[in-house]
Amino acid sequence: MYKFIITIDLLPGTRDTVLAQAPTAQAATRAEAGCIAYDFYTCTDNPDRLVFVETWQDEAAHAFHMEQEHTKRFIAFHEQFHRELVFETINIASDKDA
């Protein structure tokens, strides 16, 4: 499994513009083979921050996703509103890691 979090700090006042395009990208992505979860969140402490949480069957499924036209369009659209983007891969912590 390949799972990650993308945190995007947007230019002030642009969140709703980005979120207006999100449902189309989300529906197309969720229909892709290998997509386990693809969700967007707004941050309650910062109205200009979006958090994307994605889970893929493997890195190959995510690589395929990145080559899709709907993905390229959505990224190109929301990049113009970024102040900062942080990409973090994550793993489920086991009991022995706690």
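Summed over region 26-44, the residues that are within 10 Å of residue 65 (Cα to Cα), among the hydroxyl-bearing types (Ser, Thr, Tyr) and part of a strand (DSSP E or B) give a count of 0. Restricted to region 6-26, and to residues there that are among the small types (Gly, Ala, Ser) and out of contact with any Lys or Arg (no Cβ under 9 Å at 6 or more places or on another chain), the residue that is nearest to residue 76 (Cα to Cα) is 22. If we scan region 62-70, do we find a residue that is among the polar types (S, T, N, Q) and surrounded by 15 or more Cβ atoms within 10 Å (Cβ to Cβ)? No, the conditions are met nowhere in region 62-70. Within region 20-42, residues that are within 10 Å of residue 56 (Cα to Cα) reach partners that are in a helix (DSSP H, G or I) and among the polar types (S, T, N, Q) with beta carbons closer than 7 Å, at six or more positions or on different chains, in the pairs 35/29; 38/26; 38/29.
In region 71-93, the residues that are under 21 Å from residue 32 (Cα atoms) and touching a residue at least 12 places away in the same chain (Cβ under 8 Å) form Cβ pairs under 7 Å with partners that are loosely packed, with under 14 Cβ neighbours inside 10 Å and polar (S, T, N, Q), at six or more places apart or across chains, as follows: 74/21; 77/21. Criterion applied to 23, 47 was being surrounded by fewer than 16 Cβ atoms within 10 Å (Cβ to Cβ) and in a loop (DSSP other than H, G, I, E, B), and the one residue passing it is 47.
Tell me yes or no: at least one residue of region 54-72 is aromatic (Phe, Trp, Tyr), in contact with a Ser or Thr (Cβ under 9 Å, 6 or more places away or on another chain) and modelled with pLDDT of 95 or more. The answer is no, given that none of the residues of region 54-72 is aromatic (Phe, Trp, Tyr), in contact with a Ser or Thr (Cβ under 9 Å, 6 or more places away or on another chain) and modelled with pLDDT of 95 or more.
The values are calculated or read from the model by the stated rules, or taken from the named source; none is laboratory data. Bear in mind that the values here come from a model prediction, so they are computed numbers and not experimental data. With ideal geometry, Cβ positions are generated from the backbone for all residues, glycine too; neighbour counts draw on all protein chains shown.
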